[in-house]
1. Using only Cα atoms, figure out Rg for the chain and give it as a multiple of 2.2 N^0.38 Å.
2. Could you count how many Lys pairs in the chain have their Cα atoms under 16 Å apart, skipping same-chain pairs fewer than 8 positions apart?
Amino acid sequence: MENTNQKFKRKLRGTVVSDKGDKTIVVNVIRRFKHPKYPKFVHVSDRYHAHDVDNKANKGDDVTIIESQPHSKLKKWELLEIRSQG
C-alpha cells in the first residue's frame, strides 16, 4: 500500500459507526474549531463511506482513512489503518 503519491492524499481519523455493507465502512469524523464570532469551540461531525477490502474494521474501531479514486457513488475513501480495537 505504500505509494509515493500517498503523502499528498488527505487523511482523516474517525470512528466506525457501521460495517454492515460488504467491503464498506461508515466512518464518523469529528472536527473541532473555534467559532469565528463567538468565543467558543464548535464540534462538527461528518460521515464518510470508505472502502474496506478485507472487511477488517468493526463497529467502534478508531481508524484512519485516506482519499482515493471513487469506488462507487458514495465511496471515495479507503481504509488505511485500524488504530485501536474497541
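1. Relative to the rule-of-thumb radius for its length, the chain sits at 1.18.
2. So the count works out to 12.
Taken together, the values in this text are just the output of simple stated rules run on the coordinates, not laboratory data. Note that this is a predicted model, so its numbers are computed, not measured.
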